[in-house]
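The values are calculated or read from the model by the stated rules, or taken from the named source; none is laboratory data. Quick caveat, the model's predicted, so the values are computed rather than measured. Note that we place each Cβ from the backbone using ideal geometry, even for glycine, and neighbour counts take in every protein chain shown. Accessible surface is based on the protein model in full, side chains and every heavy atom, while ligands, DNA and RNA are left aside. Shrake-Rupley method; radii C 1.70, N 1.55, O 1.52, S 1.80 Å.
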Amino acid sequence: MSFYPAPINKRFLNPGSAGEIKNGNTQAATASFVCGAVLQIVLRVENNYICEAKFKAAGCGYLFAAADVLCEKAVGKKINEGLNIYDVIETELGKFENSRQHCVELVWQTWQAAVNDLRAAESSGWNGEDALICTCFGVSEQTIETAIGENLLTTVAEVTRACRAGAGCGSCQPLIEDILADVWRN
């Protein structure tokens, strides 16, 4: 008989998403003050899609299982796509008892930190001299105008694919439409 419920035990003993990514472009590590667990999540993101997600953990089976499910389900999704970790975990593993909810919280905090790390790294390329249009990914007006001109882009979706502007929260999409209109008007 297992110490953990069957779905938790299965993922704990054979976590498919545990390990390393050699060419990951964002990562984060957090720890729990509740139980002392430590979790690291590494992602490889290309063209706004999560191509690979792996984790390393020092903690209980609940933490391993929750991190394994999240990393598995995130692959193939857009980095900015809403991913309700609680629904995903409950669907795959069942509802965690209250005394284990901190495991889910640790996974979620680490995930958010990894995504924020990616956004911070991308916005670090902005030198502050050009108008910053997309704050999620640090894309300047000049970068957008260059992408439009070089690639003959006509839609916000094309701009997003070319330089990631508009792929985050979406609040810059009206500005991108204005830039498109200005470029093609001139």
For segment 94-186, what class follows from the C-alpha gyration tensor (a ≥ b ≥ c being the square roots of its eigenvalues): rounded when a/c is under 1.5, otherwise prolate if a/b is larger than b/c, else oblate? prolate
Cα-only radius of gyration and Dmax that characterise segment 1-42, units Å: 13.4, 40
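Mind checking segment 58-119 for chymotrypsin sites (Phe, Trp or Tyr not before Pro) that DSSP puts in a loop (not H, G, I, E or B) and that have at most 10 other Cβ atoms within 10 Å?
Numbers: sites: Tyr62, Phe64, Tyr86, Phe96, Trp108, Trp111; in loops: Phe96.
Of the chymotrypsin sites (Phe, Trp or Tyr not before Pro), not one in the loops of segment 58-119 has a Cβ with at most 10 other Cβ atoms within 10 Å.
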What is segment 38-98 by shape, rounded, prolate or oblate, if you read a ≥ b ≥ c off the alpha carbon gyration tensor as root eigenvalues and call it rounded for a/c under 1.5, prolate for a/b larger than b/c, and oblate otherwise? oblate
Which percentage, to the nearest 5, of the DSSP beta bridges contained in the chain is antiparallel? 95 percent
Just the number, please: carbon plus sulfur as a percent of the accessible area of the chain, 1.4 Å probe, no ligands or DNA/RNA counted. 49 percent
Can you put Cys51, Cys172 in order of accessible area, largest first, using a 1.4 Å probe? Cys51, Cys172
Once you order the gyration tensor axes a ≥ b ≥ c over the Cα atoms, which shape class does segment 83-122 get: rounded for a/c under 1.5, otherwise prolate or oblate by comparing a/b with b/c? oblate
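Of Glu150, Glu46, which has the most accessible area and how do the rest follow, probe 1.4 Å? List each step's numbers first, then the result.
Working: Glu150 140, Glu46 90 Å².
Result of the area sort, largest leading: Glu150, Glu46.
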How are the alpha carbon pair distances in segment 1-128 distributed across 5 Å bins from zero to the largest one, expressed in percent? 2, 12, 22, 24, 19, 11, 6, 3, 1, 1, 0, 0, 0
Once both label points are put 7 Å beyond Cα along the C-beta direction, the Cys51-Val34 separation in nm becomes 3.5 nm
Quickly work out the Asn151-to-Thr135 label distance, labels modelled 7 Å from Cα along the C-beta direction, and quote it in nm with one decimal. 2.4 nm
Might you work out the accessible area of Glu52 for me, using a 1.4 Å probe with all protein chains in place, and round it to the nearest 10 Å²? 50 Å²
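From the helices alone, meaning DSSP H stretches of at least four residues, give me the mean residue ellipticity at 222 nm for the chain, per-run term -39500 (n - 2.57), in deg cm²/dmol to the nearest 500.
Working: 7 runs with 86 residues, N = 186.
That comes out to -14500 deg cm²/dmol.
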Multiply the residue separation of Asn98 and Cys169 by 0.36 nm, subtract the distance between their alpha-carbon atoms, and state the gained length in nm to one decimal. 22.4 nm
